[in-house]
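The values are calculated or read from the model by the stated rules, or taken from the named source; none is laboratory data. Keep in mind that this is a model prediction, so the values were computed, not measured. A quick note on method: Cβ atoms are made from the backbone with ideal geometry, for glycine too, and the neighbour counts reach across all protein chains shown.
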């Protein structure tokens, strides 16, 4: 006789099953994924170095500068301006001197402001050249003050500082005790006197003698007009400029003096002209 014994553990089938132990394949898959990432990074680094080597080809390195339409601005000054711009890095690893990476438009405003230009345009010329076209402010004089030289326009406004004298401009040597600040060096009345002297001289005296320098100080009653020959003329800005220049013209026209045997001509006292 067989006895059917019921299990007292029927409740075990209702218990949650234990999680199965992870297979080794999961670890292998993770390891392969990590290796793929490393390979991608290595290829990316190699690609970056390859691109860098392409962008650093000497054939594509900007080394030539051409300056167009300049009058006062020199190629040396422009080369100094671009020197730091071209040697700068771009995207941390590339040189800005590469023909493809260099952005000329971004420097046009800086160049114009640095040299006080009306306009500046920069054009890339294949494969290693920059063509710089400028439009300068019109200069009439060189203002010399305390070992500094500046180009000056006809309104008395500064254009920009220069390094050396240029004989195509009339020099205004300023010995006033106060150094002007701001853009305008002379008041409208003062620059009007300087312009009038210059124009009257050009009309009446220029064919006989070249004016090289106007010397001013705190006393506008005594202005010195220095000539290429070596003598200078004493002039009073409080009196008629036209009349004083006309008196000087008569003296020079008469041919009584050659200019090499005198120190100065004083035309400040009406029709009376004094020599020394």
(request) Would you point out the residue of segment 129-152, among those that are crowded, with 16+ Cβ neighbours inside 10 Å and more than 17 Å from the chain's Cα centre (by Cα), that is farthest from residue 71 (Cα to Cα)? (result) 144
(request) Determine whether residue 182 is at pLDDT below 95 and in contact with a helix residue (DSSP H, G or I) (Cβ under 6 Å, 6 or more places away or on another chain). (result) no
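Just to be sure I understand, how many residues within segment 94-118 are within 30 Å of residue 150 (Cβ to Cβ) and surrounded by 13 or more Cβ atoms within 10 Å (Cβ to Cβ)?
First, pick out the residues of segment 94-118 that are within 30 Å of residue 150 (Cβ to Cβ): 104-118.
Within this subset, residues satisfying the condition of being surrounded by 13 or more Cβ atoms within 10 Å (Cβ to Cβ) are 104, 107-108, 111-112, 114-117.
Counting residues in segment 94-118 that are within 30 Å of residue 150 (Cβ to Cβ) and surrounded by 13 or more Cβ atoms within 10 Å (Cβ to Cβ) gives 9.
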(message) in a strand (DSSP E or B), in contact (Cβ under 8 Å) with a residue 12 or more places away in the chain and touching a strand residue (DSSP E or B) at 6+ places or on another chain (Cβ under 8 Å): is that true of residue 107 in this structure?
(response) no
(message) I'd like to know if segment 186-197 contains one or more residues that are under 22 Å from residue 117 (Cβ atoms) and part of a loop (DSSP other than H, G, I, E, B).
(response) no
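May I ask you to list the residues in segment 93-104 that are without any contact (Cβ under 8 Å) to a residue 24 or more places away in the chain and in contact with a helix residue (DSSP H, G or I) (Cβ under 6 Å, 6 or more places away or on another chain)?
Just the residues of segment 93-104 that are without any contact (Cβ under 8 Å) to a residue 24 or more places away in the chain, to begin with: 96, 103.
If the condition is that a residue be without any contact (Cβ under 8 Å) to a residue 24 or more places away in the chain and in contact with a helix residue (DSSP H, G or I) (Cβ under 6 Å, 6 or more places away or on another chain), then 96 is the only one that fits.
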(message) Checking the conditions here, which among 213, 234 is under 22 Å from residue 154 (Cβ atoms) and touching a residue at least 24 places away in the same chain (Cβ under 8 Å)?
(response) 213
(message) Here is a list: 191, 223. Which entry is buried (at least 18 other Cβ atoms within 10 Å of the Cβ) and within 27 Å of residue 73 (Cα to Cα)?
(response) 191
